[in-house]
Structure formats: structure tokens, C-alpha cells
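Please read the structure below before turning to the comments.
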Amino acid sequence: MAKRRNKRNNQNRFSGEKLGEAARREHDREAQDSTHDDMAELVLEEEPSLLTEKDELFGQAEIEPSELMELEHPEPAEPEQTEHIDQIEQKPDLKPDQPDDSRHETADALPNRFWVVFYVVFRYCYFVGVQLIRFVRHRLRRGSVYFHRFENSFKRRREMHRRSLKWWFRTKYREICTPFWELRDKYHTFRTELANAKKNGAEGQFAILCRMFGTALFHLWRGILFLLRWLAPVAGAFVLLYVIQTYQNQTLALKVEYNGEDLGYIMDEAVFNEAENAMKGRIINETYIKPKDIVPQFELSAVDPGELLSVDELTNKLIRASGNKIEEATGLYIQSRFISAVREGDGLLDFLNGMLEKYSESSMDPTTTVQFVKKVEIKKGLYPASSIQPLEELEKKLSGEERGEKRYIVEEEDTPIRIAYKAGITLNQLKNLNPGVEENLLIGDSLLISQSVPFMGVKVTKLEKHEEEVEYKVQQETDPKRNIGYTEVKQEGENGLIEVTDQVVLIDGIETERTAVNTVTLKEAVDQIIIVGGNKPLQFIPSIASGKIPSGTFGWPAAGGSITTGFLGYYGHTGSDITFSGCYGSPVYASLDGQVVTAGWRGAYGYCVIINHGGGIQTLYAHCSKLYVTPGQQVSKGEQIAAIGRTGNATGPHLHFEIRINGTPVNAAPYLYG
């Protein structure tokens, strides 16, 4: 015991971190001594002159490492330099041909200092390199130790698992074979006992046979229990897979029982509700005779997807279950609404195809489509006898009109926008139905406000190509030497040319929609350049094909209000009347920069002002009560030029405002509102 205790103490003394620390200290000490020796040899080999210098300085004595350390940190050079400077000052003047020894001494001192510095740097780098090598070796050793530990642990665990697995197989083998071994041994024992019992008589043999039979039954029961214990999980897994495979291809559905009759399987109750509504929709000419039991019974079941009933199939079964008289026929549905049924289904289909062929052409483009405007469906099934009508009557109904056209008679004080409001349509729709309604509208005219709608409208969609001119842009250059309103064309503009592909929609032969789907440029447009006078450029320059007005181009000419009677609001009205409560005497402002050309009385206009804005554009301000400008005067946008009044042909105070392009009045609303 004492030996073991001493051994344990010695192991604790020189193991673990203490032993590693001692080894590291010893290694550091050896590396430091080796570094000193190597540096000394390097200095002696590469620079003998440095050693000679130091020998002279230290009496040619042997240099120890501690003395080399002192060479690394020489004394400050300031005193020597000062002394050297004093000696230079005390030196007598040298002759031109006499050599200067101080220069040689300075030249020799530079290499010595270089080697001293180099020695320090080299020693530091050497020390860092040694430490780095030691660090890498230490990490590699520790990594190797960890790897071997992991390898040993893995081997131990693998061996342990191998032994446990081997023991498990051995145990299970014994469990399986032990009953057979016992049965074999007992069989041999029974044979021996049976042979011996023959000598004692029949009673002994019978007892042995009974005991042998009981032992066999006992071992058979143990074998059955063993097989059940092992085979039951396997059999359960097979049963589970079979159930999954069987029900995976089936769908949960509802079994429908209606009026005591099994109708079939549906996906959900919504299918039954839809079929019931469709069944009632087919009965249009008689009263629906309800069955005795109209409440459906649903039962959840798993069925194949092919056994599910569709809405039409369930509808036929519901009609069959009703008390109405039914027949096999072909039904016509428009927009999912039942119209009628006929017995000649093929004749109905030919009639519908003939309606489409009226709008088809032999040279029709492949992209052209011809179809009915409404959704048309034909369904074969069971229909009530009262809902079936002859094919000729249904054809007459389909060829007729669903709604006739409507017209409106123009009354006094009617305007296009007021008529559109009364008819419940937009102004653009009124213009499309009655081209030129804004230019020519008289009392008593009959205007079309709604076209007739056929019962079966045919929609044709096709592509059309045509060429269009592209409006050229207008650029302006300002000439400060000219007055505001002066214009001169420097470069004429030329319109471009493009090829446009439109998708055109025709309903019963009348174009209702046109959309551009592709554009190809055939000729580029050339910009027009106009020189304008004054230090302010024109805010708007119209061109021949222009229909677009930049937003905010023209300013509002009054202090408020809105347009009450627009352009052509009544026959001969060429302006826009602006009025508001208390407007009499309120300011009138210039809508654009320009030059006043007229300021005075002009008959029916009363006191009015006309301003020229250049580019053929003029604005007129009529029915004024006062004028604040004179002809030839330059005005700016927003400057007050007059006051609102009721002079001339006016029934009340208002401002009559006009925009004229090349002398022709145009609708001012788009220019004001942008």
C-alpha cells in the first residue's frame, strides 16, 4: 500500500499542468540561450569590422551576451554630436589639399549603426518565429492527443455495441432454440422411460404416454405464444399498409337519400343545393309537385372518385323523384339560366351554328373569333313536359329582340350633357349614338339613347391594321428683341407615319370597342421650330393635329365660379359662361401672357377685351362692366384686365370667355381644366 501511495504522489507531482509548465519553462530557456548564441555567431561572420570596433571600445575583450545586449541600446547621441560639433569648431582651417578624417569617421559609423539596428530587428523576428513554431507544434501535439482520445473512445464504444449486439442475438437464438432443445431432451427421456416401462406392464406405459402428450401440448402452446409475440407486430404493419393503400384511392363523400330513394354520392351539400335549384329552374310552365319526403338524408362514406354525381346527373334524378311528368329532351341555357327545352337537340345545335356563320367569312384571319355575347349551354337530360316546346318556336324567340331601341325628343333649354343625364348614360355614349349632336342640336330632334338588343347577340373579335399620322412637336426659341406675341416659323414640322394594329370588337356587325395592340413606326416626325418674341416663351403653341392640352396652360379668368353654360350650350353660343353669386364687379384676369388687341364696345359682347397670345391663339372676355387695359398693352397671366358685368346681350352678370385658334372659337373647358 505504501508503494502505491508513493507512486500516486509522484504521478500527481509530475503530471497534468505542472509537468507541462515545467517543460515549457525549460524549452523557453533553451530557446533563449540558442538565440543568443546564433546572434553572436551571425554578427561575427557577417560583419567583422563591427567586432573590431567593439574590441577597440572595450579593450579587445571577449564580448559576452550581456554586453551584446548593451549594444542594442546605445547611449543617446546628442552629447557626442554636441562634442563633435565643438571639436569641428576648434579645428584649425585645413588646406584645400589636406584630407578631412572626420568625414571618414562619420562614414564608418553609419554601417555600424545599421548592423546594430539590424541585429535588434533580426533577434526580435527570430524570437517571434521560434515562439510561432513552438505554438504550432504544441497545437499539433494537442490535436493529435485529442484525436487519439476520440479514436480510442470510438473503438471502445464500437466494441461495446458489438458485444451488446452479439449478446442480444445470442439471447434471442437461445430463446428460440431452447424450447426445441428441451423438447428433444424430453423426447429422449420419454423414450428411455417408455422402454423401461414395458418391463413393468401396460399401466406404466399409459402413464408415460399421457405425460408425454401433456408435455407436447405445453410446448406447443409456448411455441404459439412465441410466434404471436414476434409475428403480431409484422402482421399489424401489413394490415396498416393495406388499409392505407385501400383508402388512399377513395374520397370521402355524402350518400344522398331523397324521398326514400338512394340517389348516389356527392362531394358536399352545395352540389345538392345547386342541383335542386337547377331542377326547379327547368319547371317554368307548371307548378312543381313536391314528393312526400323532400328533406334529404346525408351519410358520410368513402367511395371512388368515379362514383361521384355531377350537378346535371343529380338534377335528372331529382326531377325523376318529383311528381311532375318528365321527358328526355335537350335544354338551352343562356347565362346559366334555363330558357326552354326541345326534343330535336341536333336541330337546335345547327340553328345556333347558323347564327354564328352569318358573321363568318371565308377569308377570315385565323386570329378572328366569332362567338355569342352571352354564355350559351346545351344540356341533355330529363325535363318537365310543360317546359318542352317545338324547335320552330324557340328559333323565333332566339331570332327576336330582347329589348327595343329608345329615343328622346329634344326640348327647350336642353343641352347634350343634360340629355345624357336624363337618359342615364354618359356624354360619350350619347355622342357615339348620335354623331354631331354637339354641333347641331335643335328643339324637336329625335335622339337615340339606347339601341335595340337582340336576344342572341354575336360578338366578332378581329385585328385590323391602318396607318396614322404622328403629330410633330413644336419647339420655341425666344427672341428678346421682339414683343410678346410675335411668332415666326424657323423650321416647318412634318408629321410622322405609324402602322397601328387594332383589336376591333363588333357586336351584331356594329363596332363597340377598338384597342391598339401593336405599333410600328414607318416615318419619324420632324419637329417644328418657332421663334417667339419677348423674354418669356409662349406657354402653349397649338399645332394642326393637336387635340391634347397641357394641364394648367390657361389660367382661370375670374375670381371664382364655374362654367354654367358651356360651349354650344345653346344654338350659336361660342363661349363658356362663368358666373357665381355676387360676381358683378369682381376682377377679370388675363388667362395667358399676350398683347391686348381690342378693348372697348363690341355690340352683343358689350364691353370686351381681346388678347393675342401668339401662334394664332386669342382669348375674348365679354359683358364686362369696366375695362382696365388699352389696345397694344402687354399683359401677363393673372393680371386684372376688366370687371365682370352684364353689358351687351346678357340676361345677368357673368363673364363670357372664348378661346379662338386661328380665328375659330373652340371649347374652352379642356384648356381651362387641362
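Quick look at the numbers
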read-out	value
Longest to shortest principal axis, alpha-carbon extents of the stretch 430-520, angstrom	70, 44, 13
Cα gyration tensor category, rounded, prolate or oblate, for the stretch 229-379 with a/c compared to 1.5	oblate
Compactness of the stretch 549-663, expressed as Rg and Dmax over alpha-carbon positions, Å	12.8, 36
Segments 235-242, 636-643 sorted - mean Cβ within 10 Å per residue, highest first	636-643, 235-242
Estimated vicinal HN-Hα couplings, Hz - the stretch 264-277 in sequence order (Karplus 6.51, -1.76, 1.60; Gly, Pro = x)	x, 10, 10, 6, 7, 5, 4, 5, 5, 4, 5, 5, 5, 5
Carbon/sulfur fraction of accessible area - the stretch 372-512, other protein chains in place, 1.4 Å, %	46 percent
Potential extension, V520-R211 segment - 0.36 nm per residue separation minus Cα distance	100.3 nm
Segment V376-E477, length gained on full extension (0.36 nm per residue, minus Cα span)	30.0 nm
Computed lengthening from Q248 to K186, 0.36 nm per intervening residue step minus Cα-Cα distance	17.1 nm
The stretch 603-670 - accessible surface per residue (Å², probe 1.4 Å)	38 Å²
Whole-percent carbon and sulfur share, accessible surface of the stretch 542-674, 1.4 Å	52 percent
³J(HN,Hα), Karplus 6.51/-1.76/1.60, whole Hz, each residue of the stretch 166-180, x for Gly, Pro	5, 5, 5, 5, 5, 5, 5, 5, 5, 4, 6, 8, 4, x, 6
Inter-site label distance for T651 and I510 at 7 Å from Cα along Cβ, in nm	3.5 nm
Computed FRET value (nearest 0.05) for K465 with Q389, which takes r as the C-beta separation and R₀ as 60 Å	0.85
Greater than 29 Å apart at Cα, pairs in K317/K358; K375/K422; K255/K280; K490/K626	K317/K358; K375/K422; K490/K626
Where the stretch 358-410 is the region considered: accessible area per residue in Å², 1.4 Å probe	67 Å²
Residue-by-residue Karplus 3J(HN,Hα) for the stretch 140-150, coefficients 6.51, -1.76, 1.60, Hz, glycine and proline x	5, 4, 5, x, 5, 4, 4, 5, 5, 4, 5
Backbone N within the stretch 206-240 under 14 Å of label point (7 Å from K172 Cα along the Cβ vector)	227, 229-234
Rounded FRET efficiency, nearest 0.05, which uses the C-beta distance separating L497 from S310 and R0 of 60 Å	0.60
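The values are calculated or read from the model by the stated rules, or taken from the named source; none is laboratory data. These numbers were taken from a predicted model, which means no experiment stands behind them. Cβ sites come from the backbone with ideal geometry, for glycine too, and all protein chains shown count toward neighbours. Just so you know, the surface numbers come from the protein's heavy atoms only, side chains and all, with ligands and any DNA or RNA stripped out. Shrake-Rupley method; radii C 1.70, N 1.55, O 1.52, S 1.80 Å.
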